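The values are calculated or read from the model by the stated rules, or taken from the named source; none is laboratory data. Computed from a predicted model, the values in this text were never measured in an experiment. Cβ placement follows ideal geometry from the backbone for every residue including glycine, while neighbour counts extend to all protein chains displayed.
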Amino acid sequence: MAIRFEKVNFSYGAGTTLAQSILHDVTLEMPTGQVTAIVGQTGSGKSTLIQHINGLLKPTSGRVTIDNFELTHHTKEKELVKLRKSVGIAFQFPENQLFANTVLEDVMYAPVNFGATKSEAKLAAEHALTRTGVVRELWGKSPFELSGGQMRRVAMAGTLSSDPSVVVMDEPAAGLDPKGQGELLQLVLELKKLGKTIVIISHQMDHVIAVADHVVVMHEGRVVAQESPQILFNRDITWFKTMKLDLPKAGQLAEKLRDEGITLSRRPLTLNELADLINTEVSHE
Amino acid sequence: MTQAIKINNLKYTYDDKDTVFDDFNLEINAGQWLALVGHNGSGKSTLAKLILGLIEADNGTITVFGEQLRIDTVHHVREQIGMVFQNPDNQFVGATVADDVAFGLENKEMLSSDMPNVIDEALTIVGMQDFKDREPHMLSGGQKQRVALASVLALQPKIIILDEATAMLDPDGRATVMATLQDLKQRFGSELTLITITHDMNEAMLADRVVVINDGQLILDGAPSEVFSQYDVMHHNGLELPFVGELAVRLDPKPDGYLDERELIKWLSDLKK
């Protein structure tokens, strides 16, 4: 499902003297079946932006189109049910929202809520838990007995169990250990293979380069770039400083090498690219 | 050298079935900054809870500044230890930042006339003095964790344990908290023992000593450069090296042992000459 924002403005308390404007004239597209990463410093409007994708927030002006659903200031609450069924959102630290007595019941909640029968919901939940790598032995346990990494996967399964065609994740890998982070990025790529449209917010540019096809950069509530990671991360270094955006770690180290007089022929974006460049251009010159 | 913490022969079984620690031993000297690292579920947070007496060991002893942790000593032991947790939002009780720092002092029955100075000093140390009248929930994650640290500092603990205290922060927030910790070490030296529990090696490399645990076993123990020289062991235990360490093992030729960023850049410069 293609997602399109057209001149979206959003203010909290719009029309009052306390109105606080968060999004300004946001026009963007998140391509169908691809992974779009939204980046930008804390407070740049990323979380506000994604809450428009399933209608948790409605634009103060402008419109958001999600496939053939149109979301504007005038959209009625009851119309949103259809949208919420096709857009699953996993917020930051989604494990904080686990609530049911058992892992399985927690993950069954969304499909039941959207009208599935109990046995349909159970099947969907088992499927989602398997996909996120939660082993069967844990399904009957209380979610609160699990480790942090396991809880995260249960929460992710809860987002996937209603089989949404758009999956939105806010910092899905934050706080996980390296193995857990790797598994989460793998999950993102698997979901893409299933044809889902994926939107992730991330502060980690190494994750962006690993999974994203398309990147939207937010700065002070505006979109300041939307392009492929390869194009984005080859922008001039001064632009990154202005936007308070990091390069991937390989690019950061290449900048430091340049300050010390070691200039590589291009800017590496991954660890292996950096190692290859050093091996061919520095060590075996 | 005074011993801050001595863990001897520790045995702990979770839920009466999963053994977390069996015959675990660790000694931490006063004034040391120790990074306790391991993947999610390796037992590192459980160890912190055992030291604080929040859970009870099945066997073995934990001694804090010479005092063995027991039911009758647990309160006194805890008074010497400050703890900062992972979630910055779960640690606030006060309406303002200053109130929040005051809360712990009230519990300690400090005279209210003495409080303003203590609060100011603690907030100044973490660089949050300009925020003392602000509402805690309006702060950024990094600022919240520094206030949590100030609340702990105001109580003048001899040991501070930070359990994944930067895991929920954005890169900026993480950097400010780490800088604050480096500052604390400079300021207090041997008066303050710091234990950071983390799986972020860029954080662990700031410590004096890194201890890697997995399945309740001590896997590696040494200076960061020693521990980070053990690439295979680290990976085998679900951990990575700091970025420059991961880079170094992919280089041809590669440097002997672990080099930090500055050292690696110099090594490469020399190579080019």
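Of note:
- You will find that of B:ASP270, B:ASP221, B:ASP256, B:ASP215, the residue that is among the acidic types (Asp, Glu) and at pLDDT 95 or above is B:ASP221 and no other.
- Of B:ASP183, B:ASP208, all but one fail to be more than 14 Å from chain A (Cβ to nearest Cβ), surrounded by fewer than 24 Cβ atoms within 10 Å (Cβ to Cβ) and either on the phi > 0 side of the Ramachandran plot or at pLDDT 95 or above (or both); the exception is B:ASP208.
- Selection status of B:THR166, within 30 Å of A:GLY149 (Cα to Cα) and either more than 16 Å from the chain's Cα centre (by Cα) or buried (at least 23 other Cβ atoms within 10 Å of the Cβ) (or both): yes
- Positions within the stretch A:220-236 being surrounded by 13 or more Cβ atoms within 10 Å (Cβ to Cβ) and either in contact with a Leu (Cβ under 8 Å, 6 or more places away or on another chain) or charged (D, E, K, R) (or both), in sequence order: A:GLU220, A:GLY221, A:ARG222, A:VAL223, A:ALA225, A:GLN226, A:GLU227, A:PRO229, A:PHE233, A:ARG235
- Lone qualifier among B:LYS49, B:LYS11, B:LYS44 - being under 26 Å from B:GLU191 (Cα atoms), in contact with a strand residue (DSSP E or B) (Cβ under 6 Å, 6 or more places away or on another chain) and of a type outside the set (A, V, I, L, M): B:LYS44
- Scanning the stretch A:139-159 for residues that are without any contact (Cβ under 8 Å) to a residue 24 or more places away in the chain and polar (S, T, N, Q) yields a count of 2.
- Considering residues of the stretch B:245-273 that are aliphatic (A, V, I, L, M), part of a helix (DSSP H, G or I) and within 32 Å of the chain's Cα centre (by Cα) only, the residue farthest from B:HIS199 (Cα to Cα): B:ILE265
- Residue within the stretch A:181-192 that is in the same structural domain as A:GLN34 (by TED's automatic domain parsing), small (Gly, Ala, Ser) and touching an Asp or Glu at 6+ places or on another chain (Cβ under 7 Å) present: no
- Any hit, the stretch B:253-265, residues being away from chain A (no Cβ under 13 Å), at positive phi and free of Cβ contacts under 8 Å to residues at least 40 places away in the same chain: yes
- Count of the stretch B:222-252 residues, restricted to those that are more than 11 Å from chain A (Cβ to nearest Cβ), in contact with a helix residue (DSSP H, G or I) (Cβ under 9 Å, 6 or more places away or on another chain) and surrounded by fewer than 15 Cβ atoms within 10 Å (Cβ to Cβ), is 1.
- Sole residue being within 17 Å of A:VAL167 (Cβ to Cβ) and aromatic (Phe, Trp, Tyr), chosen from A:PHE114, A:PHE99: A:PHE114
- Helices (runs of 4 or more DSSP H) completely within the stretch B:130-244 that count 1 or more residues being acidic (Asp, Glu): B:171-188, B:201-204, B:224-227, B:231-236
- One residue alone among A:GLU171, A:GLU183, A:GLU260 is closer than 24 Å to A:LYS85 by Cα and at pLDDT below 95, and that residue is A:GLU171.
- Selection count where residues are within 14 Å of another protein chain (Cβ to nearest Cβ), over 26 Å from B:ILE5 (Cβ atoms) and in contact (Cβ under 8 Å) with a residue 24 or more places away in the chain, scope the stretch B:118-167: 6
- When A:ASN279 is tested against (1) surrounded by 14 or more Cβ atoms within 10 Å (Cβ to Cβ); (2) within 13 Å of another protein chain (Cβ to nearest Cβ); (3) under 30 Å from the mean Cα position of the chain (by Cα), only condition (3) is not met.
- Every pair of residues 6+ apart whose Cβ atoms lie under 7 Å, when the first sits in the stretch A:7-25 and is free of Cβ contacts under 8 Å to residues at least 12 places away in the same chain and closer than 16 Å to A:GLY55 by Cα while the second is part of a strand (DSSP E or B) and not hydrophobic (A, V, I, L, M, F, W, C): A:TYR12/A:GLN20
- Selection from the stretch A:236-264 of residues that are in contact with a strand residue (DSSP E or B) (Cβ under 8 Å, 6 or more places away or on another chain) and under 22 Å from A:GLU281 (Cα atoms): none
- Verdict on A:VAL8 being in a strand (DSSP E or B), in the same structural domain as A:ALA210 (by TED's automatic domain parsing) and crowded, with 17+ Cβ neighbours inside 10 Å: yes
- Residue that is nearest to B:GLY238 (Cα to Cα) [pool: residues in the stretch A:164-205 that are acidic (Asp, Glu) and touching a strand residue (DSSP E or B) at 6+ places or on another chain (Cβ under 7 Å)]: A:GLU171
- Filtered residues of the stretch A:35-44 (kept if within 14 Å of chain B (Cβ to nearest Cβ) and either modelled with pLDDT of 95 or more or touching a strand residue (DSSP E or B) at 6+ places or on another chain (Cβ under 6 Å) (or both)): A:ILE38, A:VAL39, A:GLY40, A:SER44
- Scanning the stretch B:14-59 for residues that are polar (S, T, N, Q), over 21 Å from the mean Cα position of the chain (by Cα) and modelled with pLDDT of 90 or more returns a single hit, B:ASN59.
- Inter-residue pairs, beta-carbon under 7 Å, first under 16 Å from A:GLN150 (Cα atoms) and in the stretch A:118-138, second surrounded by 15 or more Cβ atoms within 10 Å (Cβ to Cβ) and among the charged types (D, E, K, R), 6+ apart: A:THR132/A:ARG153; A:GLY133/A:ARG153; A:GLY133/A:GLU183; A:VAL134/A:ARG153
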